[in-house]
Amino acid sequence: MAYFRDKFRSIFQVQDTPHRIALAFAIGVFWGFSPLLGLHTIGAFITAWLLGLNKIVTIVGVWTGNPWTLVPVYTFCVWLGARIVGIKQIIPEINWNDLSVTHMISELGYLLKPFFIGSLTVSIVFGLASYFIIHFLATRYRKTQDAA
């Protein structure tokens, strides 16, 4: 845990403005929770490159969405998306006689839209929130460094 904490703190030592550090991190967080599974890191890297932002800070933001957080967050995203589009019952009746992968995909396919909408909503909210949090922390870190 100390390793991750130290890596997180290292983003404040980047030679850039608090705004650009916060923006890079927020873009990473947005991508880290986006519905485009498998494209998180590369999407964030390309976005940071296109905007001229620090790629390392962006990747640290992406990794806030990790295997330990993705399952509960994406479960919440499906629930939220289902509420937004008006789906009342998320879990369908289970036919225990036909538990094949193709059957499960056809039975759960209706959750793709709620997943996408919920994930996009959560990634926007988390990205915006992380911008303000990191901007505050980076500004405070700079003030303590300047005072020292």
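The values are calculated or read from the model by the stated rules, or taken from the named source; none is laboratory data. Just so it is clear, the model here is predicted, and its values are computed rather than measured. Ideal geometry is used to build each Cβ from the backbone, glycine not excepted, and the neighbour counts take in all protein chains shown.
Restricting attention to the range 19-35, the residues that are modelled with pLDDT of 95 or more and surrounded by fewer than 23 Cβ atoms within 10 Å (Cβ to Cβ) add up to 2. The residues in the range 46-57 that are crowded, with 17+ Cβ neighbours inside 10 Å and under 27 Å from LYS113 (Cα atoms) can be counted, and the count is 1.
In the set ARG83, ARG142, only one residue is over 14 Å from the mean Cα position of the chain (by Cα), of a type in the set (D, E, K, R) and modelled with pLDDT of 90 or more; that residue is ARG83. Number of residues in the range 99-139 that are modelled with pLDDT under 90 and either part of a helix (DSSP H, G or I) or touching an Asp or Glu at 6+ places or on another chain (Cβ under 9 Å) (or both) equals 12. Note on the range 110-128: residues that are free of Cβ contacts under 8 Å to residues at least 24 places away in the same chain and either under 17 Å from TRP31 (Cα atoms) or in contact with a Phe, Trp or Tyr (Cβ under 9 Å, 6 or more places away or on another chain) (or both) total 1.
Within the set THR69, THR47, the sole residue that is touching a residue at least 12 places away in the same chain (Cβ under 8 Å) and polar (S, T, N, Q) turns out to be THR47.
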